[in-house]
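Novice: My structure is below; once you've seen it, I'll send some questions.
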Amino acid sequence: MSRKNQTGVTEFILLGFGSLGGFRVILFVLCLLVYVMTLLGNITIIILILTSQLLQSPMYFFLCHLSFSDMMLTSDIVPNLLHIILEEGRTMPFMECITQFQLFGASTGTECLLLTVMSYDRYLAICDPLSYLPVMGTKLKQHLVAWSWFLSFAITLTIALLMSNLHFCGPNIIDHFFCDYVPILRLSCSDTRLLQIVDLVLTAPVTLLPFILIIISYICISIVIVKIPNGTGRQKAFSTCSSHLTVVCIFYLSLMSIYLIPSSGNSVTALKILSLLYTVITPSLNPIIYSLRNQEIKTTFMKMFCFSYKI
């Protein structure tokens, strides 16, 4: 990455949550516990999917990558957050800040695309079950996942490269606990209009478009489920996509709440709290939701637990 800003600001000061007083230790312990639970939960999901013959359908292949994306997101943010909580702030080198933004954006974009792919998977399974296995074959599911990762990393890397060429002449204080797009741009002395246009053009296909496609998929799924004459059949059809729908709602509600709130004045505190929920709490919920609402995962987990206990 080119560095125009070598003669200007070379590091940023992240304020985090400021002075927390006696609440600092409590927040640190809570964040650490949730982080450990997130890693353990998602690693358990991945191990179950990779080792169980019962969890070999395309849906679980996508879920495996979704769990990895969640771990990447929370591992990019939380270790640095824990440091900021203890020290009540932190100085971060410019390139480390840009790298954190790159990983955050890539994992978020990948999750958007994976959730869209999973909604398409549920659409095929419920609306066109006869063509599900022929269409969602091994190559297609691998291509969908590969393109999800590639597009997210390529788009975020492009934006990160453009950001690295901005000039920063001061101030260098970010009133947040991680390096997000808007706080970094506001500190730049350069003309950022081109970057903002590029960001809008590139990020829409991995954020707004997936959301629209998910809504369309579930409208079609709902229409098919309603037409099922048998109540048991409707219940079974809905149960196959209820976990995914719950995760989609939590993910997009938290994401939209962050970027729809203006980051100025008193709303900065609200923005930090919402960001904390999105980067720390939400990744820990996905394995819990899928474990509680998916009978196949619960059965596989109990078999593994019982087998380990016998050994």
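Novice: What are the pairs, 6+ residues apart or on separate chains, where a residue within region 178-204 that is over 20 Å from residue 92 (Cβ atoms) has its Cβ under 7 Å from a residue that is among the β-branched types (Val, Ile, Thr)?
Specialist: 198/159; 199/159; 202/155; 202/158; 202/159; 203/155
Novice: Looking at 105, 21, can you tell me which residue is modelled with pLDDT under 95, among the small types (Gly, Ala, Ser) and either more than 30 Å from residue 143 (Cβ to Cβ) or in a loop (DSSP other than H, G, I, E, B) (or both)?
Specialist: Result of the check over 105, 21: 21.
Novice: Tally time: how many residues in region 53-64 are more than 18 Å from the chain's Cα centre (by Cα), open to solvent by less than 20 Å² (accessible area, probe 1.4 Å) and of a type outside the set (A, V, I, L, M)? Break it down into steps so the answer makes sense when it comes.
Specialist: If we filter region 53-64 for residues that are more than 18 Å from the chain's Cα centre (by Cα), which is where we start, we get 53-58.
Filter once more, keeping what is open to solvent by less than 20 Å² (accessible area, probe 1.4 Å): 55, 58.
Then keep just the ones that are of a type outside the set (A, V, I, L, M); that gives 58.
The number of residues fulfilling the criteria is 1.
Novice: Specify the residue that is nearest to residue 138 (Cα to Cα); the eligible residues are those in region 58-80 that are of a type in the set (Gly, Ala, Ser) and in contact with a Leu (Cβ under 9 Å, 6 or more places away or on another chain). Can you show your working first?
Specialist: Taking region 58-80 as the starting set, the residues that turn out to be of a type in the set (Gly, Ala, Ser) are 67, 69, 75.
Narrowing the set further to residues that are in contact with a Leu (Cβ under 9 Å, 6 or more places away or on another chain) leaves 69, 75.
Working: 69: 21, 75: 30 Å.
Within region 58-80, the match that is nearest to residue 138 (Cα to Cα) is 69.
Here's the yes/no breakdown for (1) more than 30 Å from residue 227 (Cβ to Cβ); (2) at pLDDT below 95; (3) part of a helix (DSSP H, G or I):
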| position | (1), (2), (3) |
| --- | --- |
| 92 | yes, yes, no |
| 122 | no, yes, yes |
| 126 | no, yes, yes |
| 134 | no, yes, yes |
| 162 | yes, yes, yes |
| 170 | yes, yes, no |
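Novice: Quick check on region 198-205. Is at least one of its residues under 30 Å from residue 273 (Cβ atoms), of a type in the set (S, T, N, Q), assigned to a helix (DSSP H, G or I) and modelled with pLDDT under 90?
Specialist: yes
Novice: Here's a follow-up. State which residue pairs qualify: first residue modelled with pLDDT of 80 or more and inside region 234-245, second residue among the polar types (S, T, N, Q) in any location, beta carbons under 6 Å apart, and separation of 6 or more residues or different chains.
Specialist: 243/294
Novice: Please verify whether residue 50 is closer than 30 Å to residue 117 by Cα, surrounded by fewer than 17 Cβ atoms within 10 Å (Cβ to Cβ) and in contact with a Cys (Cβ under 8 Å, 6 or more places away or on another chain), treating the condition exactly as stated.
Specialist: On the way: closer than 30 Å to residue 117 by Cα: yes; surrounded by fewer than 17 Cβ atoms within 10 Å (Cβ to Cβ): yes; in contact with a Cys (Cβ under 8 Å, 6 or more places away or on another chain): yes.
Taking the combined requirement at face value, the residue satisfies it.
Novice: Hey, among the residues in region 87-120 that are of a type in the set (Asp, Glu) and either under 19 Å from the mean Cα position of the chain (by Cα) or at positive phi (or both), which one's least open to solvent (accessible area, probe 1.4 Å)? Step through it out loud before you land on a result.
Specialist: Pass one, region 87-120, residues of a type in the set (Asp, Glu): 87-88, 96, 111.
Subsequent filtering for residues that are either under 19 Å from the mean Cα position of the chain (by Cα) or at positive phi (or both) retains 88, 111.
Numbers: 88: 74, 111: 3 Å².
The residue in question is 111.
Listed here are the residues, each with its yes/no results for (1) buried (at least 20 other Cβ atoms within 10 Å of the Cβ); (2) not aromatic (Phe, Trp, Tyr).
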position	(1), (2)
12	yes, no
16	yes, yes
38	yes, yes
41	yes, yes
44	no, yes
66	yes, yes
69	yes, yes
74	yes, yes
81	yes, yes
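Novice: Looking at 257, 188, 243, 217, can you tell me which residue is buried (at least 17 other Cβ atoms within 10 Å of the Cβ) and either farther than 26 Å from residue 127 by Cα or aromatic (Phe, Trp, Tyr) (or both)?
Specialist: Working: 257 fails: buried (at least 17 other Cβ atoms within 10 Å of the Cβ); 243 fails: either farther than 26 Å from residue 127 by Cα or aromatic (Phe, Trp, Tyr) (or both); 217 fails: either farther than 26 Å from residue 127 by Cα or aromatic (Phe, Trp, Tyr) (or both).
Only one candidate qualifies: 188.
The values are calculated or read from the model by the stated rules, or taken from the named source; none is laboratory data. Quick caveat: nothing in here was measured; it's all calculated off a predicted structure. Cβ: placed from backbone, ideal geometry, glycine included. Neighbour counts: every protein chain shown. All accessible areas refer to the heavy atoms of the entire protein, side chains included, with ligands and DNA or RNA removed. Shrake-Rupley method; radii C 1.70, N 1.55, O 1.52, S 1.80 Å.
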